[in-house]
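Every read-out reported here was derived from the displayed coordinates using simple, explicitly stated rules and does not represent laboratory data. It should be emphasised that the depicted structure is a prediction, and the values quoted were computed from it without experimental measurement. Cβ placement follows ideal geometry from the backbone for every residue including glycine, while neighbour counts extend to all protein chains displayed.
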Amino acid sequence: MRAVWDFLNSLKLTVYLILAIVAVTMYGSMVLYFHQDIFGDMDSNLLFTWLSTKGPEHLAYTWWLYLLVVMVVLLGVNTMVCTIDRLPPLVKRYKDPLMNLRDIELGGGEGREVAMGADGLGGFLGRKRYKVFTQGDNIYAEKNRWLPFMPYVIHAGIMMFMVGHLISSMYGYRYSGLFLYEGETAKSPAGDYLIRLDKFSMDTRPDGSMKQYGSRLTIIKDGQEVKTGRVTANTPMFAEGGAIYQRAFGEDFKGIWVQAGVRSTGYNGTVLVPKATGYADIPGTAYRVGIENFIPDAGLDGNGVPYARSEDMANPAIQVTLYKGGSASSRGWIFMNQPSYSSFRDGDVSLVMAGLDTKTYSSFDINRDPSALTALFASVTVMLVTILTLYFRRERVWAKVDGSGKRAQVVCTDDELYDELDGRGI
Amino acid sequence: MAGIESSSFFAAFLLAALAAASFLTCLPFNKKQIFTAAEVFTFLYLVAMTVSLAARTAQSGHAPMANRFESLACFAWSLGFVYWYVRIRYNEKRVGYFIMPLAVLVMFAANMSPKDITPMTPALDTWMFETHVASAFVGYAFFGASFSGAVLYLVDKGHAERTLERLIFRAGYYGFALFTISMVIGGIWAYLAWGTYWLWKIKELWSFLIWIYYAGFLHALYVKKLRGRGVAWLSILGFAITMFTYLGVGVMMKSTHQL
């Protein structure tokens, strides 16, 4: 047991474990980069869900992740053992700094002799914000005595972060791609509540570039509106233990307006063909317009056949079928941006694509990270303490007052203090 | 404003080249006058880069970090800044042997990149992004200073060893602290923007790698066997990892975390 403890309590283990983690991560990062077909969906899953489902299917490529988890856990244990082992003596020493008072010679013997007795030197160091301790003719003084604890605060922060991340990796929740149209309400996949998209809006800069976009959402629970807020690119909405994030947005069409002219009846008007049914009757006639295909951005290939160039609504085109008395009479393509051109031909009926009946949609991710606050607290603690340790230094002074009680040999860690003492030296 | 930006950028490029050439000339001819000239060029370089970046910020309305050119220019500025920090704090001007030639390479890469001003996308338009990037770049530059100290320590053994040891460690520690700020702020920003503080992407993995590597580096100082030359070699390897993360992974490989 002692051997195991000593093994885990080793600083060498820390360094070599970190080097091993670095080597495995380097290797793994390249595997991950070149095999997105395997690793591409990791971020939309919890780590441990992924490791227990998809990971084992591709062990030849994913083994390094399991090894990495084991090594990081071992590093966490190593950190914990080192902290447990080193912290109590540190506390003891803080309470009683004279317990390990080193003789003045241990300071290297390079000190200065100053013409000050115990009281004078103690007073001088006190004014320099040193905490002064005296034992016989020995003086020991220390500044920023709290500093030796700071690495352990950092270690505690890192351990807290690791535990938080572990919990989130097992008990969190991730859902990607909740699509809502303006005014639409849907049940949240993350809990027993409803989400309504009230309004999607976009702000642009004077140069036309997008400044911000976001959705005004309302959370409804048990028939009551419990929360309303705007979700933007960097501002999620926190609700019902989770967070709702703005993702994609765009316009979808719910129907197509077709300008229909029927020579035999003299009808001339617009007909809305709903996307849901795909057809609409031309009023007062035996004709029905059906939509077979829709291309948002159509181009024509070498044979004059339309194909999709992109998903943008740049050049919408529809393939229509005209029915007469229930049977198809003709079929062809019509284009919104070229109303005079149509591959549709019928002697009695003319069809022109008049427009799209669109509606705005917005999509959302819903995540629940049970340890987000723990991770935030831990990481901010690590950051702040790391910064603190940049600005403060632990300084120590050892002094031995001679028999006359008027002179002392002083050794200090702060070279600048020597300069000030020099003014008082002999 | 565009004129001030481009002319001060090219002046900085020229001054960096003159500074690097002067420092490298000092290697065979250790003349005080050449060192002085190198330092004057380095100082003017930092001034010119500061003017160039300030003019670009005034033009674009955002911190110069929105594309590759701005990212490289910021890193080049950081190198000049860290040179002067090390010069004043440790009175060690020989780090210029490495930092200024590196600054020239970075300036060259920046000069080869498209210089158009691009607007910040909504997700990037936040102080967290700017803090994340700025602290990472200054951190990288401090790792560069630690690297410079390490090379000097290995090739010029016996000369100011204690100062160089302190430089290797302290610059590494400053870099680590700044990189910690970058990681933490970046994590908070990612959580607010993408719903998770960690993404399994190559740039994130290499950033983690830098952070944990330098955490190990700081511990290595307390392992007797690694003190001195061992720590110096670790510093050199650390800077190689840093540069690969920034230039190799960040610029050359496709990533959603491009810079």
Let's test this: bin the Cα-Cα distances of the protein assembly as shown at 10 Å from zero up to the farthest pair and state each bin's percent. 3, 11, 17, 19, 18, 13, 8, 5, 3, 2, 1, 0, 0
Compute the length gained on full extension between A:A248 and A:L147: take 0.36 nm times their separation in residues and subtract their Cα-Cα distance, giving the result in nm to one decimal. 31.6 nm
Report the dimensions of the range A:1-95 along its three principal axes from the alpha-carbon atoms, largest first, rounded to Å. 57, 25, 23
What distance in nm separates the simple spin-label points at A:L74 and A:T277, each placed 7 Å from Cα in the Cβ direction? 6.9 nm
How far apart, in nm, are the 7 Å Cα→Cβ label points at A:L98 and B:V40? 6.0 nm
Neighbour-count order for B:H62, B:H132, fewest beta carbons within 10 angstrom listed first: B:H62, B:H132
Work out the charge dipole of chain A with +1 on the Cβ of Lys and Arg and -1 on the Cβ of Asp and Glu about the Cα centre, then indicate which of A:L417, A:G120, A:V15 is farthest towards its positive end. A:G120
Testing the spin-label approximation: label points 7 Å from Cα along Cα→Cβ at A:Y391 and A:D415. State their distance in nm. 2.4 nm
Which value, in debye to the nearest 20, describes the size of the charge dipole of the protein assembly as shown about its Cα centre when Lys and Arg Cβ atoms bear +1, Asp and Glu Cβ atoms bear -1, and nothing else is charged? 1640 debye
Crossing angle, helix A:118-127 versus chain A [Cα axis fit, 0-90 degrees, rounded to tens]: 20 degrees
Where a ≥ b ≥ c are the square roots of the eigenvalues of the C-alpha gyration tensor, would you call chain B rounded, which needs a/c under 1.5, or, failing that, prolate if a/b is larger than b/c, or oblate? oblate
Fewest-first sequence of A:L351, A:L68 by Cβ atoms within 10 Å of each Cβ: A:L68, A:L351
Between B:R162 and B:K225, how high is the FRET efficiency from 1/(1 + (r/R0)^6) when r is the Cβ-Cβ distance and R₀ = 22 Å? Nearest 0.05. 0.70
Under 16 Å from A:K359, Cα to Cα: lysines that are on another chain or at least 8 residues apart: A:K199, A:K254, A:K275
Pairs beyond 25 Å (Cα-Cα), from A:K131/A:K400; A:K187/A:K227; A:K54/B:K201; B:K201/B:K225: B:K201/B:K225
Under the helix-only model (-39500 (n - 2.57) for each DSSP H run of 4 or more, divided by the residues of chain B), the mean residue ellipticity at 222 nm, to 500 deg cm²/dmol, is -26000 deg cm²/dmol
Neighbour-count ranking for A:D192, A:D43 (other C-beta within 10 angstrom, fewest to most) reads A:D192, A:D43
Measuring from centroid to centroid over Cα atoms, what is the spacing of the range A:212-227 and the range B:161-200 in Å? 37 Å
Kirkwood Rh in Å, taken over all unlike Cα pairs in the range B:123-259: 15.4 Å
Hydrophobic long helices for chain B, i.e. whole DSSP H runs reaching 30 angstrom or more by Cα along the axis with Kyte-Doolittle mean at least 0.5, come out as B:2-26, B:32-60, B:127-155, B:161-194
Using all C-alpha to C-alpha distances in the range A:253-358, build P(r) with 5 Å bins and read off the rounded percent in each one. 2, 13, 25, 27, 18, 10, 4, 1
Between the residues A:V70, A:A60, A:F48, the Cα farthest towards the positive end of the dipole of the range A:1-95, that dipole coming from +1 and -1 charges on the beta-carbon of Lys, Arg, Asp and Glu, is from A:V70
With each run of n ≥ 4 DSSP H residues scored as -39500 (n - 2.57), what mean residue ellipticity at 222 nm is computed for chain A after dividing by its residue count and rounding to the nearest 500 deg cm²/dmol? -10500 deg cm²/dmol
Return the tail of the calculated pair distribution for the range B:1-120, meaning the percent of Cα-Cα pairs more than 19 Å apart. 43 percent
I need the calculated FRET efficiency for the pair A:T53 and A:L300, taking r as the beta carbon distance and R₀ as 41 Å, to the nearest 0.05. 0.35
Can you tally the net charge around A:L46? Count Lys and Arg as +1, Asp and Glu as -1, for every other residue whose Cβ sits under 13 Å from the Cβ of A:L46. 0
Computed E for A:T270/A:Q338 - FRET, C-beta separation, R0 22 angstrom, nearest 0.05: 0.75
With unit charges on the beta carbons (Lys and Arg positive, Asp and Glu negative) and the dipole taken about the Cα centre of the protein assembly as shown, which residue among B:F239, A:L166, A:M202 sits farthest to the positive side? B:F239
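Tell me, in nm to one decimal, what length is gained between A:Y27 and A:S327 on full extension, where the rule is 0.36 nm per residue of separation less the Cα-Cα distance? List each step's numbers first, then the result.
Working: separation 300, 0.36 × 300 = 108.00 nm, distance 6.39 nm.
This chain segment gains 101.6 nm when fully extended.
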Filter the trypsin sites (Lys or Arg not before Pro) in the range B:83-161 to those in DSSP coil with at most 15 other Cβ atoms within 10 Å of their Cβ, and list the result. B:K157
Under Stokes-Einstein, with the Kirkwood radius over Cα pairs standing in for Rh, what whole-number D in µm²/s applies to the range B:176-232 at 10 °C and 1.306 mPa s? 125 µm²/s
